[in-house]
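Just so you know, all these numbers are worked out from the coordinates, no wet-lab data involved. Bear in mind the structure is a predicted one, so any value in this text is a computation, not a measurement. We place every Cβ from the backbone using ideal geometry, glycine too, and count neighbours over all the protein chains shown.
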Amino acid sequence: MGGSELILQETRGSLALLRLNRPQALNALNHALMDELENALDRIEKDAAIRAVVIAGSERAFAAGADIKEMDSKTSEQMSADPHLGRWDKLGAFPKPTIAAVSGFALGGGCELALACDMIVASESAVFGQPEILIGVIPGAGGTVRLAKALGKQRAMELVLTGRRVTAREAAALGLVNRVAPVESYLDEALKLAEQVAAQPPLAARAAKTSILHALDVGLSDALSAERRLFWELFDTEDQKEGMKAFVEKRKAVFRGR
Ligand code: DAK
């Protein structure tokens, strides 16, 4: 395991595993940690050998939110002048597939970080919530928006307006997480899912992700046109030729990301 202090980075074949590492504050997302996360993702984006990313915390906490101690005395002007606001959007639109492996607390910004990933694998001990209302604010990094899109209005309203926490099982029933696994194996489950995604031709994976995110952002006809364009574009890739040829020749395709 290498990397800097607040984010531990490990490479496993074509996967990058990033672990939030600020245990004394339950991985509260302070600026220093977010800087390191952003830098790690920037490096991963440029590394063609990495095809999917798993973001995890510890068994006790994925992340207990943004660091309240860095925000408590701020004015709205200071908050909105934060030069790093764009990194949350950047994470949501990261071009390679991202999977959050969540155990323990995923609250506030921690829940938003998980929601910004493409999929969520939770341990049985995971606890999700948007408790911002309990401290006088609302989710500010996509919580109201992504929860409404993922769960629908009524459910998002309840979670955001009460600040209530939900268990992994309830989160699964709500459609907030993809799968739930025992604490001992949730990380392996997340890595397995990431491996499955990483084995796909990367240009197609990127196009699929782009299309799904775009669909959440625009009307139906725009989304369908965009999907069709992305579909067509893949016919200029070697991977499409290889994938279809391999099918016809009854052999396993070898994808090169070109
Ligand atoms: N910030 C700072 N420190 C935190 C923290 C947080 N969110 N959560 C926990 N800690 C610290 C605690 O202060 C404590 O530190 P010491 O007192 O030992 O120095 C240590 O972690 C252990 O926590 P506890 O002693 O409280 O542990 P417990 O097991 O008793 O309780 C808990 C665990 C997770 C239930 C509790 O710590 C808790 O309620 N934490 C706060 C949860 C919360 O309210 N989270 C939402 C924060 S607001 C945005 C980006 C992001 C955001 C907004 C905008 N933009 C880009 C615009 C996000 C906002 C938020 O997340």
Check your understanding: Under the Karplus relation 6.51 cos²θ - 1.76 cosθ + 1.60, θ = phi - 60°, what is the ordered set of whole-Hz ³J(HN,Hα) values for segment 93-104, x standing for Gly and Pro?
Key -> 9, 3, x, 9, x, 10, 10, 8, 9, 10, 10, x
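Averaging sequence separations of C-alpha pairs under 8 Å and six or more residues apart, then dividing by the length of segment 20-179, give the relative contact order as a whole percent. Kindly include the intermediate steps, with their values, before the conclusion.
Details: 276 pairs, mean separation 33.0, N = 160.
It comes to 21 percent, rounded to a whole number.
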Check your understanding: Between GLU233 and HIS214, what is the spin-label point distance in nm, taking each point 7 Å from the Cα along the Cα→C-beta axis?
Key -> 0.6 nm
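In nm, what is the difference between 0.36 nm times the number of residues separating MET79 and ARG12 and their Cα-Cα distance? Present the calculation step by step, with values, prior to reporting the outcome.
On the way: separation 67, 0.36 × 67 = 24.12 nm, distance 3.74 nm.
Residue separation times 0.36 nm, minus the Cα-Cα distance, leaves 20.4 nm.
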Check your understanding: If one takes the longest principal axis of the Cα atoms in the chain, at what angle in degrees, from 0 to 90 and to the nearest 10, does the Cα axis of helix 220-233 lie?
Key -> 50 degrees
Study note, to complete from the structure: Across MET157, MET119, MET34, the residue with the highest GNM fluctuation in the chain (Cα network, 10 Å cutoff) is MET157
Review point. Over the Cα atoms of segment 133-199, what Rg and Dmax result, in angstrom?
Key: 14.5, 44
Review point. Pick from THR162, THR75, THR11: which residue has the top mean-square fluctuation in a GNM of the chain where Cα pairs under 10 Å get a spring?
Key: THR75
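Given the Cα-Cα distance of ASP47 and MET71 and 0.36 nm per residue of separation, how much length would full extension add, in nm?
Numbers: separation 24, 0.36 × 24 = 8.64 nm, distance 3.40 nm.
Between ASP47 and MET71, full extension yields an extra 5.2 nm.
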Practice item. Go ahead and collect, in residue order, the members of segment 57-73 whose backbone nitrogen is under 18 Å from a label point 7 Å along the Cα-Cβ direction of GLU184. Key: 59-60
Review point. Averaged over all directions, how much area does the convex hull of the C-alpha atoms of segment 1-49 cover when projected, in nm²?
Key: 3.3 nm²
Check your understanding: What Kirkwood hydrodynamic radius, in Å, does the chain give when the mean of 1/r is taken over all pairs of distinct Cα atoms and then inverted?
Key -> 19.2 Å
Point to revise | P(r) tail fraction, segment 110-226 - alpha-carbon pairs more than 26 Å apart, % | key: 28 percent
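Return one quarter of the surface area of the convex hull spanned by the alpha-carbon atoms of segment 30-150, equal to its mean projected area, in nm².
On the way: hull surface 30.9 nm².
Its average projected convex-hull area is 7.7 nm².
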Point to revise | Cα extents of segment 31-74 along the three principal axes, largest first (Å) | key: 42, 26, 10
Review point. Any idea what angle helix 31-46 forms with the longest principal axis of the chain, computed on alpha-carbon atoms, 0 to 90 degrees, nearest 10?
Key: 0 degrees
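Go ahead and estimate [θ] at 222 nm for the chain from helices alone: -39,500 (n - 2.57) per DSSP H run with n ≥ 4, summed, over the residue count, rounded to 500. Spell out each step's value before the answer.
Numbers: 11 runs with 114 residues, N = 258.
Only helices count here, giving -13000 deg cm²/dmol.
Please give the length that would be gained between LYS250 and LEU134 if that part of the chain were fully extended, namely 0.36 nm times their separation in residues minus their C-alpha to C-alpha distance (nm, one decimal).
Values: separation 116, 0.36 × 116 = 41.76 nm, distance 5.82 nm.
Additional length available on full extension: 35.9 nm.
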**Study point:** For segment 95-179, alpha-carbon Rg and Dmax in angstrom
**Key:** 11.5, 35
**Study point:** Separation in nanometres of the label points that stand 7 Å from Cα toward Cβ, at ALA223 and VAL145
**Key:** 1.6 nm
Point to revise | With Cα atoms, 0 to 90° folded angle of helix 202-215 axis to the chain main axis | key: 50 degrees
